[in-house]
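Here's the structure we're looking at; comments come further down.
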Amino acid sequence: MRVRELIFSCLAVALLVGYIALGQRVAPLLLPSAAATATPARPTGQVAAPTFGGTLAFVLRGDVFVLSGGHYVSRTEEGRSQTPAVSADGQTLYFARAEQIDGKSQVDGAVVNARLGYSNVIRMPAAGGAEEILLNGLTKSANGFHQVTWYLAPTPSPNGTRLAVIEADPDGSSNLVLYDFATKLRTPLSFGADWTDPAWSPDGKIIVVTAYDNGVPELLLKPSDGIARSTPIKGLPDGEPYRPTFSPDGKWVVYTLRHDGKNDLHAVELTTSRDIALTQDGESWNAAFSPDGSQLAFLRSASFTIDLWVMDLGGVLTTGGAPTGTQKITQGEGVDGADRPSWSR
């Protein structure tokens, strides 16, 4: 996730440092820092786009946009939203929103005023409508001090009963947690870990994450039952893998590989460890499968501008060969490079 420009007191600074470290690891580190040409204005209404099946959510200048029916339009307006995910039926949108309040913290035994940062998980209809806070990152303890948590990357399970989310705490950990919609209970699947980028397998039995527990990223398969141990995906090419996602048939994991300062999309077949480079331009990352598995939405930087693109996979994952073509979807308005798109029916 992209670093948020937040300054906190002692407790909040510790949280922010962990969040920054997480963001630096999971986001491409060498994205263009300045535009060569003037950036178009932020869209304020519907923008015409190629027609694709389903609903595709992405982040543009800190707001969640939804593409459906040949146009995209914003679903938030405050500029602090990130990591969108659309439910399997395409009806519900989830995302995290960064917040700040004036609070108090304790520094060297003294109580001081502090600017506290946290994030909430929001749920709303994908077609637009009222928002609902599912997970609140701000709580008040018995001693009157505020406790803050960053909830990141909310991702609904395929059957719509649970939500996988990353819970980043002041101790520097970022654990994978499951939230049950019916009981409203949270079940941790890791303890003191450094995980991010959760994505469900189609059958809901596995969650793949990017893990930094050993200091360098690796892709882990974590059973969602909370009992079985996680296993790493082996045989990946040299580099730093991150942002994995399952194919709709569950046979492949597509991820971004950062190598020599460049980012490209790769696909690994889980049963054979066969790895395929889907791009070789060094400027492509953050992929999301179409519901039928025939296409990938992803981010690409061209001429110092990040846009949303769509790739036709053709038979590359079945019979071999290369992707059959790519198409730019957005119009250079400034898609956020740290947020993965989400595509559902």
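So how many residues does the stretch 60-73 have that are surrounded by fewer than 20 Cβ atoms within 10 Å (Cβ to Cβ) and either modelled with pLDDT under 95 or not in a strand (DSSP E or B) (or both)?
Residues meeting the conditions: 3.
Touching a Lys or Arg at 6+ places or on another chain (Cβ under 6 Å) and free of Cβ contacts under 8 Å to residues at least 60 places away in the same chain, is that true of V177? Full working, then the answer.
On the way: touching a Lys or Arg at 6+ places or on another chain (Cβ under 6 Å): yes; free of Cβ contacts under 8 Å to residues at least 60 places away in the same chain: yes.
The answer is yes for V177.
In contact with a strand residue (DSSP E or B) (Cβ under 7 Å, 6 or more places away or on another chain), part of a loop (DSSP other than H, G, I, E, B) and more than 28 Å from K140 (Cβ to Cβ), is that true of A57? Full working, then the answer.
On the way: in contact with a strand residue (DSSP E or B) (Cβ under 7 Å, 6 or more places away or on another chain): yes; part of a loop (DSSP other than H, G, I, E, B): no; more than 28 Å from K140 (Cβ to Cβ): yes.
So A57 fails the test.
Could you look through the stretch 191-223, keep only residues that are touching a residue at least 40 places away in the same chain (Cβ under 8 Å) and assigned to a loop (DSSP other than H, G, I, E, B), and pick out the one that is surrounded by the most Cβ atoms within 10 Å (Cβ to Cβ)?
Among those that are touching a residue at least 40 places away in the same chain (Cβ under 8 Å) and assigned to a loop (DSSP other than H, G, I, E, B), it is P217.
Residues checked against (1) touching a His at 6+ places or on another chain (Cβ under 8 Å); (2) buried (at least 17 other Cβ atoms within 10 Å of the Cβ); (3) not aromatic (F, W, Y):
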{"residue": "A277", "(1), (2), (3)": "yes, no, yes"}
{"residue": "F289", "(1), (2), (3)": "no, yes, no"}
{"residue": "S294", "(1), (2), (3)": "no, no, yes"}
{"residue": "R300", "(1), (2), (3)": "no, yes, yes"}
{"residue": "D312", "(1), (2), (3)": "no, no, yes"}
{"residue": "T319", "(1), (2), (3)": "no, no, yes"}
{"residue": "Q327", "(1), (2), (3)": "no, no, yes"}
{"residue": "D339", "(1), (2), (3)": "no, yes, yes"}
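Please determine whether any residue of the stretch 74-92 is within 17 Å of D197 (Cα to Cα), surrounded by fewer than 17 Cβ atoms within 10 Å (Cβ to Cβ) and either at pLDDT below 50 or not aliphatic (A, V, I, L, M) (or both).
No, the stretch 74-92 contains no residue that is within 17 Å of D197 (Cα to Cα), surrounded by fewer than 17 Cβ atoms within 10 Å (Cβ to Cβ) and either at pLDDT below 50 or not aliphatic (A, V, I, L, M) (or both).
Of all residues in the stretch 169-185, which are out of contact with any Gly (no Cβ under 6 Å at 6 or more places or on another chain) and either at positive phi or at pLDDT 95 or above (or both)?
Selection gives S174, N175, L176, V177, L178, Y179, D180, F181, A182, T183, K184, L185.
Kindly list the number of the only condition in (1) surrounded by 15 or more Cβ atoms within 10 Å (Cβ to Cβ); (2) out of contact with any helix residue (DSSP H, G or I) (no Cβ under 9 Å at 6 or more places or on another chain) that fails for K184.
Just one mismatch for K184, condition (1).
Within the stretch 289-304, how many residues turn out to be under 20 Å from A338 (Cα atoms) and at pLDDT 95 or above?
Selection size over the stretch 289-304: 8.
Going through the stretch 307-345 one residue at a time, which ones are over 14 Å from F65 (Cβ atoms), touching a residue at least 60 places away in the same chain (Cβ under 8 Å) and among the basic types (K, R)?
Residue satisfying the conditions is R345 alone.
For the list (1) within 22 Å of T83 (Cβ to Cβ); (2) at pLDDT below 95, I need the number of the one condition that N286 fails.
So the condition that N286 fails would be (2).
Tell me whether the stretch 147-162 contains one or more residues that are under 29 Å from A114 (Cβ atoms), modelled with pLDDT of 95 or more, in a strand (DSSP E or B) and of a type in the set (D, E, K, R).
Within the stretch 147-162, not a single residue is under 29 Å from A114 (Cβ atoms), modelled with pLDDT of 95 or more, in a strand (DSSP E or B) and of a type in the set (D, E, K, R).
From the list A199, A164, A228, A182, which one is within 20 Å of L270 (Cβ to Cβ) and more than 16 Å from the chain's Cα centre (by Cα)?
It is A228.
Taking the stretch 261-296 only, how many residues are in a strand (DSSP E or B) and among the hydroxyl-bearing types (S, T, Y)?
1
Output the residues belonging to the stretch 302-330 that are assigned to a loop (DSSP other than H, G, I, E, B) and under 23 Å from L93 (Cα atoms).
I329, T330
Could you list, in sequence order, the residues of the stretch 224-240 that are surrounded by fewer than 16 Cβ atoms within 10 Å (Cβ to Cβ), part of a strand (DSSP E or B) and in contact (Cβ under 8 Å) with a residue 12 or more places away in the chain? Write out each step before concluding.
First pass over the stretch 224-240, keeping only residues surrounded by fewer than 16 Cβ atoms within 10 Å (Cβ to Cβ): 225-229, 231-232, 234-235, 237-238.
Narrowing the set further to residues that are part of a strand (DSSP E or B) leaves 231-232.
The one that is surrounded by fewer than 16 Cβ atoms within 10 Å (Cβ to Cβ), part of a strand (DSSP E or B) and in contact (Cβ under 8 Å) with a residue 12 or more places away in the chain: P232.
Matching residues to (1) closer than 28 Å to T183 by Cβ; (2) basic (K, R); (3) out of contact with any helix residue (DSSP H, G or I) (no Cβ under 8 Å at 6 or more places or on another chain):
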{"residue": "D102", "(1), (2), (3)": "no, no, yes"}
{"residue": "R115", "(1), (2), (3)": "no, yes, no"}
{"residue": "R123", "(1), (2), (3)": "yes, yes, yes"}
{"residue": "A127", "(1), (2), (3)": "yes, no, yes"}
{"residue": "E131", "(1), (2), (3)": "yes, no, yes"}
{"residue": "L138", "(1), (2), (3)": "yes, no, yes"}
{"residue": "N143", "(1), (2), (3)": "no, no, yes"}
{"residue": "H146", "(1), (2), (3)": "yes, no, yes"}
{"residue": "W150", "(1), (2), (3)": "yes, no, no"}
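The values are calculated or read from the model by the stated rules, or taken from the named source; none is laboratory data. Please read all numbers here as calculations on a predicted model, not as lab measurements. In this analysis, Cβ positions are derived from the backbone assuming ideal geometry, glycine residues included, and neighbour counts consider all displayed protein chains.
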